[in-house]
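Participant: What follows is a structure written as structure tokens; I'll ask about it next.
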Amino acid sequence: MSQARQDLREAAEGFEAIMIRRMLESARASSFAQDAPLTGGGLKQFEKMRDEHFADLASVSGAFGFARSIEEQLAQFVDGKSTE
């Protein structure tokens, strides 16, 4: 695999991780839980760290497939193939 293609794969995985983080953040924002002793700032920080870790793992493993789709779409430009 060429260095350009490897860079593309890493960028696609990074983008997938960002998308997953945003989805988790949106899902968590819709929670109707009120602040209580066990739902304060410490728990919110832990949830954020857990979501970030999950997003990173999911993007590298290809669990959602976003990175693979992005890479396939953009590979034609990296590999020198054009759709024109």
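Participant: Do you know which residues across the stretch 49-68 are touching a residue at least 12 places away in the same chain (Cβ under 8 Å), part of a helix (DSSP H, G or I) and out of contact with any Gly (no Cβ under 8 Å at 6 or more places or on another chain)?
Facilitator: ASP51, GLU52, PHE54, ALA55, ASP56, ALA58, VAL60, PHE66, ALA67, listed by residue number.
Participant: Ok, one more. At pLDDT 90 or above, surrounded by 10 or more Cβ atoms within 10 Å (Cβ to Cβ) and among the polar types (S, T, N, Q): is that true of GLN6 in this structure?
Facilitator: yes
Participant: So which residues in the stretch 23-45 are at pLDDT 85 or above and in contact with a helix residue (DSSP H, G or I) (Cβ under 9 Å, 6 or more places away or on another chain), if there are any at all?
Facilitator: MET23, LEU24, GLU25
The values are calculated or read from the model by the stated rules, or taken from the named source; none is laboratory data. Predicted model only: the values in this text are computed from it and were never measured. Positions of Cβ are generated from backbone atoms using ideal geometry, with glycine treated the same way; all protein chains shown enter the neighbour counts.
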